[in-house]
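One structure is given here, and the rest of the page talks about it.
The values are calculated or read from the model by the stated rules, or taken from the named source; none is laboratory data. Since we're looking at a predicted model, the values are computed, not measured. Here the Cβ is made from the backbone with ideal geometry for all residues, glycine too, and neighbour counts use every protein chain on show.
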Amino acid sequence: MRPERRIILLALIILAATAAAAFAAGVADQAPGAVTISYELQRMPTIASNQMAVWVEDSDGKYIKTLLVTRFTGRGGYERRPECLPLWRKAAGVGGPPTATVDAVTSATQQPGPHTLVWDCTDSAGRPVAPGSYAYKVEGTLFWAKEILWEGEIAIGDRPSSSQAVVSYLPPGVGEGAPMIDKVSASFAPATATGR
């Protein structure tokens with residue numbers, strides 16, 4: 001074989017190996033899919049209410065990402081009204097001035113009715129999370145220090161999954177009547193199913 005052909009062949013082998021490594025790295029950097037969190041919302045007819053936050057934690061309870069927080073709380077309303085969403089604030093480490101991360105998910109108070117949020121299976125820095133079990137939490141301030149909290153777990157991996165969240169009230173027993181947040185559930189679609 002001529003030296004020129006050997007050089008061309010060697011260059012093609014190196015190029016193919018580099019492309020394969022880049023493809024493998026790109027696949028590893030992709031999120032495993034998407035989680036859709038669904039819930040129904042009813043506005044509370046009282047002051048010091050209608051604040052809510054939705055966030056994700058790993059199986060060890062470590063904060064991963066906030067998907068939504070209502071504008072009053074997200075823009076620092078907790079400094080004037082410390083009863084607002086204390087569980088989310090503790091999990092997300094929010095206590096000082098609002099951050100760019102919180103600003104990005106701050107939303108006006110949602111209208112009554114069904115809602116969905118999509119978690120792209122990345123953390124707050126935009127890095128894909130590893131397959132495994134994750135907790136999704138939906139907290140609402142009902143009236144001053146009275147809270148509703150929905151908690152569920154969703155499996156993230158190579159197969160679709162779904163789950164129903166469970167409700168609790170803080171302090172216990174304050175949940176009489178129609179809840180502010182209801183029918184919370186989640187479903188996971190792997191990246192192959194979402195076309196990613």
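Key figures
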item: Condition broken by Leu87, with the remaining ones in (1) modelled with pLDDT of 80 or more; (2) exposed (fewer than 12 other Cβ atoms within 10 Å of the Cβ) satisfied; result: (2)
item: Any hit, segment 9-25, residues being modelled with pLDDT under 95 and in contact with an Asp or Glu (Cβ under 9 Å, 6 or more places away or on another chain); result: no
item: Residue tally, condition over 19 Å from Thr73 (Cα atoms), more than 14 Å from the chain's Cα centre (by Cα) and small (Gly, Ala, Ser), over segment 131-159; result: 2
item: Conditions (1) modelled with pLDDT of 85 or more; (2) surrounded by 13 or more Cβ atoms within 10 Å (Cβ to Cβ); (3) outside any strand (DSSP E or B); number of the one not met by Val94; result: (1)
item: Close pairs from segment 63-77: first touching a residue at least 40 places away in the same chain (Cβ under 8 Å) and buried (at least 21 other Cβ atoms within 10 Å of the Cβ), partner part of a helix (DSSP H, G or I) and β-branched (Val, Ile, Thr), Cβ under 8 Å, at least 6 apart; result: Thr66/Thr101; Thr66/Val102; Thr66/Val105
